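The values are calculated or read from the model by the stated rules, or taken from the named source; none is laboratory data. Small disclaimer: the values here were computed from a predicted structure and weren't measured. We place every Cβ from the backbone using ideal geometry, glycine too, and count neighbours over all the protein chains shown.
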Amino acid sequence: MLAHWSLAAIHLLAFALGLWAVLTRGTALRHLAGGADVVRNVLVADNIWGLSALVLLVTGGMRAFAGYEKGADYYLHQPLFHLKMMLFVLILLLEVAPMIALIKWRIALGKGGEIDPSRAGRFARISHLEALLLILMVIAATGMARGVSLG
């Protein structure tokens, strides 16, 4: 029982941390696009966003498929789970361009070079869209937890 509770708590806290991190990253990117020197803020928030996504993936996988919750059969036949996974995949697809650019920024800064902030405004919009999708994932999760079925 304690393992189930702990895993659920870690999963929910990862949602909260991820939401904060992606919103913070988006805001910092918007400031960067406006000329502010906030690259470090962008990269720190991005690290936390990535870590929270990893925790969500691991704890969610354990909860759905490792016997810690209702079981794989329940989740695989639950339309809200499919919606939640679709939103997660959409976030991952949206994240590809910012992730590649921010990795390049880290490499450039590590070599003492400059970054190209020309796409920072676009990445800010992507970050804020990802935050919205994350909120929708939480809404789907609360429906699943209460046994709501769309079918």
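Per the listing Leu87, Leu102, the residue uniquely surrounded by 18 or more Cβ atoms within 10 Å (Cβ to Cβ), within 18 Å of Arg119 (Cα to Cα) and in contact with a Leu (Cβ under 8 Å, 6 or more places away or on another chain) is Leu102.
To keep it simple, each residue is scored yes or no on (1) surrounded by 14 or more Cβ atoms within 10 Å (Cβ to Cβ); (2) of a type in the set (A, V, I, L, M, F, W, C); (3) touching a helix residue (DSSP H, G or I) at 6+ places or on another chain (Cβ under 9 Å).
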site	(1), (2), (3)
Met62	yes, yes, yes
Gly71	no, no, yes
Gln78	yes, no, yes
Leu92	no, yes, yes
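Taking the options Leu109, Leu129, name whichever one is over 18 Å from Thr24 (Cβ atoms) and in contact (Cβ under 8 Å) with a residue 24 or more places away in the chain.
Working: Leu129 fails: over 18 Å from Thr24 (Cβ atoms).
Only one candidate passes the filter, namely Leu109.
Leu56 fulfils the conditions (1) of a type outside the set (D, E, K, R); (2) surrounded by fewer than 20 Cβ atoms within 10 Å (Cβ to Cβ); (3) under 17 Å from Ala9 (Cα atoms) except for a single criterion, (2). Being over 17 Å from the mean Cα position of the chain (by Cα), among the hydrophobic types (A, V, I, L, M, F, W, C) and outside any loop (DSSP other than H, G, I, E, B) is the filter here, so list the residues in the stretch 37-48 that pass it. The answer is Val39, and nothing else.
One line per residue, one yes/no per condition, for (1) at pLDDT 95 or above; (2) out of contact with any helix residue (DSSP H, G or I) (no Cβ under 7 Å at 6 or more places or on another chain); (3) part of a loop (DSSP other than H, G, I, E, B):
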{"site": "Arg25", "(1), (2), (3)": "yes, no, no"}
{"site": "Gly50", "(1), (2), (3)": "yes, yes, no"}
{"site": "Tyr68", "(1), (2), (3)": "no, no, yes"}
{"site": "Ile103", "(1), (2), (3)": "yes, yes, no"}
{"site": "Ile107", "(1), (2), (3)": "yes, yes, no"}
